[in-house]
1. Please go through region 456-519 and write out the trypsin sites (Lys or Arg not before Pro) that DSSP classes as loop and that have at most 13 other C-beta atoms within 10 Å.
2. Mind checking the per residue accessible area of region 126-212 for me, 1.4 Å probe, whole number of Å²?
3. Work out, step by step, the length gained on full extension between Ser462 and Val167: first 0.36 nm times the residue separation, then minus their alpha carbon distance; give nm to one decimal.
4. Among the listed pairs Lys416/Lys463; Lys367/Lys463; Lys396/Lys463; Lys160/Lys487; Lys396/Lys416; Lys367/Lys415, which have their C-alpha atoms separated by more than 21 angstrom in this model?
5. Could you state the accessible area per residue of region 300-486 in Å², with a 1.4 Å probe and every protein chain left in place?
6. For an R0 of 56 angstrom, estimate the FRET efficiency from the Cβ-Cβ distance between Asn428 and Val189 and round to the nearest 0.05.
7. Ignoring ligands, DNA and RNA, please state the percent of accessible area on region 274-406 from carbon and sulfur, probe 1.4 Å.
8. Length gain on complete extension for the stretch Glu363 to Tyr338, per 0.36 nm per residue less the alpha carbon to alpha carbon distance?
Amino acid sequence: MKALSAINSTNPCLPNTHFLKVPIFHPFFKFNPFSQPYNVHGHAANRAHKLPFTISCKLKSSRDVENKGKSVAQKIVLSEASPPPLTEDDVTNGDTGNVPQSSKKKKGGPFGLLNMLRRKTLQILSSLPLAIADMFAAAALMALGTFIEQGEAPDFYIQKYPEDNPVFGFFTWRWILALGFDHMFSSPVFLGVLALLGASLMACTYTTQLPLITVSRRWSFLHSAEAIRKQEFSESLPRASIQDVGTILMGAGYEVFLKGPSLYAFKGLAGRLAPVGVHIALLLVMAGGTVSAAGSFRGSVTVPQGLNFVVGDVLVPSGFLSSPTEAFNTEIHVNRFYMDYYESGEVSQFYTDLSLRNMDGKEVMRKTISVNDPLRYGGITIYQTDWSISALQILKDNEGPYNLAMAPLQINGDKKLYGTFLPVGDINSPDVKGISMLARDLQSIVLYDKEGKFVGVRRPNSKLPINIDGSEILIVDAIGSSGLDLKTDPGVPVVYAGFGALMITTCISYLSHSQIWALQDGTTVFIGGKTNRAKMEFPEEMNLLLDKVPEIVESTLPKQADSISG
């Protein structure tokens, strides 16, 4: 390709004078009418007697005021070579003169059969109804996974979905366990539906989107006025120059290509690339979700203050892709558990001070976690999810301290209540009695005597004893337990990347991909174009651009042209 550096150095967008070289089709300067298509490849042979001469033209812009002072930095690409091979889309636009005719030999044998099966498989997978059906199936399975409790023991499903009272008349625990619906998002059925949907997206990308991009990037020319008139928008400029049209289009952001009397321009190629990006983003989301469902670990533990546990003893694999790491050997020690309260006495927030130690007992990390503020280490995330009271530490008659285990009591609603019992008298007696102690949180303990009568309330660490049935009781401390959830989720970064790409590419897909063709025949320029979006705005944009094209209003023939014609 050669670059036409500038049309006019002073005002390349709208020059006042312009020298246009055109062929003489007749000794008396008669231009070839548009009754016949203008074929750029055959004009030299069909018009062997044409002689070049120069017309000195005075130009006038229909919008001189709007375009005054404007300049364009881009260059029109002038091509000496033939354009790339055309596609069926080019043929439908009317450019049939340059389509290479080649006969393809049919391949037989095993390779031909495999090729036919490949094409048939791609055709089936790229079917839009199949993709829509896959999406509905995946959505239905996800909804079913929210309805059926996940990760419970088999006895739970046997009791809740018994055979003598099946759901919908047929759905029992056998269906749940056989199809793996107790772990829906890692079950073979759900993963199979996702795999089919992913294959459908890839087939659609390969058979439809990538060829569209190839065609969109290929510049091609139309060589007949009839082909240009068939476009969504078409117009003719009786006295204009195709170079001026190209300059105006470059100023509007178009990529412009010139070959002889033909012009091709386009812009908004990113709008063609966006659907491929959308498909890739969806594949990333599905791949990340699959890795999360089949390759993660999960576990829960309730640890009293002052005790510790090993991460690998808590985490349980969720699927066949789960693989432990070195961080599973980390020991976690609960340094302290405490709460914050509202003025009404209700718990507002609870905290756990954790220390992480390696196999040598060295502390590698320490952090106080709370609800919505987890700890992350080595791909493991530790969440604060629950709390309880594990023990009550007391002094009896200045003896002890004694640790009394606290047990959760069943009450109506979501309130928590914990209780313990201190025997009084003979503990081996069948009707042993004692002091009862109840607590709903860590800030107050309610005490009852052996007859079950209310005695009083004491705060831990208040150092205020209370006499019950002849015994002096002092509440030293209430020891809380931290409820922790641990998990590894290697698919989270992939899912986040997929959603981010999906948002970006969805916005880019709304950009219009516009194409424009033009043909110079004498002093007339035929212009046509189309766009895949913004159908209403495209004609308005084209009219505004064409109004800026300079018009040839006066021309005189040089004297040497008269002598030639004589």
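The values are calculated or read from the model by the stated rules, or taken from the named source; none is laboratory data. The model shown is predicted, which means the values in this text are computed figures rather than measured ones. Counting neighbours? That spans all protein chains shown, and the Cβs are built from the backbone with ideal geometry, glycine included. Please note that ligands, DNA and RNA were not included when accessible areas were found on the heavy atoms of the full protein model with its side chains. Shrake-Rupley method; radii C 1.70, N 1.55, O 1.52, S 1.80 Å.
1. On the way: sites: Arg458, Lys463, Lys487; in loops: Lys463.
Passing both the DSSP loop test and the Cβ count: Lys463.
2. Numbers: 4970 Å² over 87 residues.
Using a 1.4 Å probe on heavy atoms only, each residue of region 126-212 averages 57 Å².
3. Numbers: separation 295, 0.36 × 295 = 106.20 nm, distance 5.61 nm.
Here the answer is 100.6 nm.
4. Lys416/Lys463; Lys367/Lys463; Lys160/Lys487; Lys396/Lys416; Lys367/Lys415
5. Averaged over the residues of region 300-486, the accessible area is 56 Å².
6. Numbers: r = 58 Å, r/R0 = 1.04.
Plugging the Cβ-Cβ distance into 1/(1 + (r/R0)^6) gives 0.45.
7. 50 percent
8. Details: separation 25, 0.36 × 25 = 9.00 nm, distance 2.15 nm.
Answer, rounded to one decimal: 6.8 nm.
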